[in-house]
Amino acid sequence: MAQKEWLIRRAKKHYVGPFDTDEVKKLIRRSEIGAYDEIARSAEGFRYLKDAPLFASLIEEAGLHAVDEKFNDISSAYHC
């Protein structure tokens, strides 16, 4: 089982997770999280997904560089 090491922060106040790397990639592909949502491992500070080396190319491929105004259902499904 993959380690659930990623937390996601939306709108600077909604935290969801933890997720493993594959789960984060699925959320990006489904446009449930975007470039300006933030991500962090437990020992690191938050950074925008677009600035996280592991996910930046996927954000670019998915065309999620614009600010996503909608807040979707992952906060209720995966709330910490």
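Readers should treat all values here as calculations from the given coordinates under stated rules, not as data from a laboratory. What you see is a predicted model; the values in this text were computed from it and never measured. No Cβ is skipped: glycine too gets one built from the backbone with ideal geometry, and neighbour counts run over all protein chains shown.
Within straight-line reach of Lys4, meaning a Cα separation under 23 Å, sit the following lysines at least 8 residues removed in sequence or on another chain: Lys12, Lys13, Lys25, Lys26, Lys50.
The label-point distance for Thr21 and Gln3, in a model that sets each label 7 Å from Cα toward Cβ, rounds to 1.1 nm. Within the shell defined by Cβ-Cβ distances under 14 Å, the residues around Leu58 carry a net charge of -2, with Lys and Arg each +1 and Asp and Glu each -1. Highest-first packing order for the peptide set 45-58, 21-34 is 21-34, 45-58, based on the mean count of other beta carbon atoms within 10 Å.
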